[in-house]
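This report concerns only the one structure given below.
The values are calculated or read from the model by the stated rules, or taken from the named source; none is laboratory data. All values reported here derive from a predicted model rather than from experimental measurement. Every residue, glycine among them, receives a Cβ derived from its backbone with ideal geometry; neighbour counts consider all protein chains shown. Accessible surface areas use protein heavy atoms only, side chains included; no ligands, DNA or RNA. Shrake-Rupley method; radii C 1.70, N 1.55, O 1.52, S 1.80 Å.
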Amino acid sequence: MARQRRSSSVVSLCGLALGAMLTARLAQPQAAAPVGQSPSPDRVAHGAYLVTTGGCHDCHTPWTMGDNGPEPDMSRSLSGHPAGLVVRDPPGLQPPWLGAASVTMTSWSGPWGRSFTANLTSDVATGIGGWTEAEFIATMRTGRHRGTGRPLLPPMPWDTFRRLADEDLAAMFAYLKTVPAIRNAVPDPVPPSGPAMPPPPPPAAITTMTVAPSPADPVARGRYLVEGKGCGDCHTPMVMGSNGPEYDRSRWLAGFDARGPVPAMPPIDGVGEVYPIEPAYAGAWGMSFAANLTPDPETGLGAWTEQQFIDTLRHGRHQGRGRQLLPPMPWRVFGQMTDADLKAIFAYLRTIPAVRNKVPDPLPPSAPGGSGR
């Protein structure tokens with residue numbers, strides 16, 4: 001599946017309430033609080049920045065229908081899948097379509113069965129109010145509940161978040177401990193009705209960092225941000241390997257692989273989003289395809305300016321002025337990043353290998369799909 005999350009859905013301006021807290025200084029590391037001492041306001045604000053621009057609300061805040069369409073219900077901010085909410089089984093999906101998200105974006109069905117996003121509020125009984133910082137970091141590093149419990153299931157992108165530095169994960173936890181407690185007992189996962197999905201292979205070893213790369217090295221920081229925010233989860237095509245779907249690193253960030261066929265539009269009745277092994281996504285908007293982010297001058301970002309890149313994420317339009325960006329691109333989330341972080345991401349993207357790959361144009365909801373382009 002294209003983003004082990006996800007993550008992935010239309011995103012509203014869920015973090016505007018942070019206001020002036022989200023200034024450029026939030027991108028800087030903050031010193032850890034001594035044991036037994038409350039974290040500093042700067043550290044909590046840094047964590048708020050990371051949670052907001054990391055897209056945590058995309059899955060952990062239930063979606064509802066607002067005046068301008070679907071949007072996260074911020075009265076239930078980060079409380080996970082609503083207890084007692086009945087989730088419909090996804091319609092009969094045929095390959096290459098693998099799974100679907102509920103309309104609330106808090107329940108996900110696929111080969112693993114059905115998973116529900118966790119309650120991240122400070123409620124002690126049903127959230128993470130009783131967790132320690134060490135348990136939170138261990139969960140992100142190992143992909144297991146509190147570091148030793150059951151495996152975390154898709155779409156939780158723990159393999160992405162485990163690449164974040166200790167100080168960033170600790171700041172995220174410091175902020176989450178300030179989120180108002182909501183008593184909401186999220187259901188346990190439901191196993192698949194057919195043969196169980198084989199356990200994934202152990203993730204590749206990584207060298208964990210204590211402190212994130214400095215903004216003084218924009219390429220290094222850009223790589224850290226791209227990998228830590230899961231850009232590759234959507235923008236890198238997947239192939240079927242010996243252990244199941246895996247990312248095609250030879251086409252890193254090259255978007256939907258235009259050498260293959262465009263899948264036919266799947267049934268989407270009653271679901272929020274449907275996704276296949278390739279980075280294509282179907283929903284009420286039609287079908288969208290992950291863009292080529294490599295520096296190829298004709299099919300990627302090679303001819304873009306830094307300002308066009310920033311404007312695209314600020315305004316949700318191609319090069320800042322063209323067609324609207326479609327789900328699941330979380331431009332409203334990334335658009336709240338500081339200029340320095342967005343510039344660092346662009347600097348890193350200019351250094352990756354260029355891949356000539358002309359991604360298809362989006363298809364309207366009535367389109368049946370078609371052959372490769």
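Values computed for the structure shown
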{"read-out": "Packing rank of 124-134, 217-227, where each peptide gets the mean count of other beta carbons within 10 Å, highest leading", "value": "217-227, 124-134"}
{"read-out": "Karplus-derived HN-Hα couplings along region 276-284 (A = 6.51, B = -1.76, C = 1.60, θ = phi - 60°), whole Hz, x at Gly and Pro", "value": "x, 5, 7, x, 10, 9, 10, x, 4"}
{"read-out": "Solvent-accessible area per residue for region 29-185 (1.4 angstrom probe, square angstrom)", "value": "41"}
{"read-out": "Amide H contacts under 5 Å for GLU273, placed H, 5+ residues apart", "value": "ALA101"}
{"read-out": "Only Lys, Arg (+1) and Asp, Glu (-1) charged, at Cβ; the chain dipole about Cα centre in debye", "value": "220"}
{"read-out": "Of all accessible heavy-atom area on the chain, the percent that carbon and sulfur account for (1.4 Å)", "value": "58"}
{"read-out": "In order through region 250-264: 3J(HN,Hα) via Karplus (6.51 cos²θ - 1.76 cosθ + 1.60), integer Hz, x for Gly, Pro", "value": "6, 10, 4, 6, 8, x, 4, 6, 6, 6, x, x, 7, x, 5"}
{"read-out": "By average C-beta atoms within 10 angstrom, highest first, the peptides 298-308, 47-57, 322-332", "value": "47-57, 322-332, 298-308"}
{"read-out": "Peptides 349-359, 169-179 ordered by average Cβ neighbours within 10 Å, highest first", "value": "169-179, 349-359"}
{"read-out": "Estimated dipole of region 74-222 in Debye, rounded to 20 [Cβ of Lys and Arg +1, of Asp and Glu -1, Cα centre]", "value": "280"}
{"read-out": "Long-range HN-HN contacts of ARG114 with modeled amide H, under 5 Å", "value": "VAL190"}
{"read-out": "Among TRP112, PHE289, ALA220 the positive-end extreme of the charge dipole of the chain (Cβ point charges)", "value": "ALA220"}
{"read-out": "Cα lying deepest toward the dipole's positive end in the chain, options GLY232, VAL103, LEU164, charges on Cβ", "value": "GLY232"}
{"read-out": "Per-residue HN-Hα couplings for region 331-348 [Karplus 6.51, -1.76, 1.60; θ = phi - 60°; Hz; x = Gly/Pro]", "value": "5, 5, 6, 5, x, 8, 6, 5, 4, 4, 5, 5, 5, 5, 4, 5, 4, 5"}
{"read-out": "Solvent-accessible heavy-atom area per residue, rounded to whole Å², over region 227-297 at 1.4 Å", "value": "34"}
{"read-out": "Residue (of GLY127, LEU78, LEU152) at the positive-pole extreme of the chain, dipole from beta-carbon charges", "value": "LEU152"}
{"read-out": "Extension gain, VAL124 back to ALA205 (0.36 nm per residue minus Cα-Cα distance, nm)", "value": "25.9 nm"}
{"read-out": "Calculated [θ] (222 nm, deg cm²/dmol) that DSSP helices of n ≥ 4 give over the chain, each run adding -39,500 (n - 2.57)", "value": "-6000 deg cm²/dmol"}
{"read-out": "Net lengthening on full extension, ASP217/ARG88 (0.36 nm per residue, minus Cα-Cα)", "value": "41.7 nm"}
{"read-out": "Dipole in debye (nearest 20) - region 231-373, about Cα centre, beta carbon charges: Lys, Arg +1; Asp, Glu -1", "value": "340"}
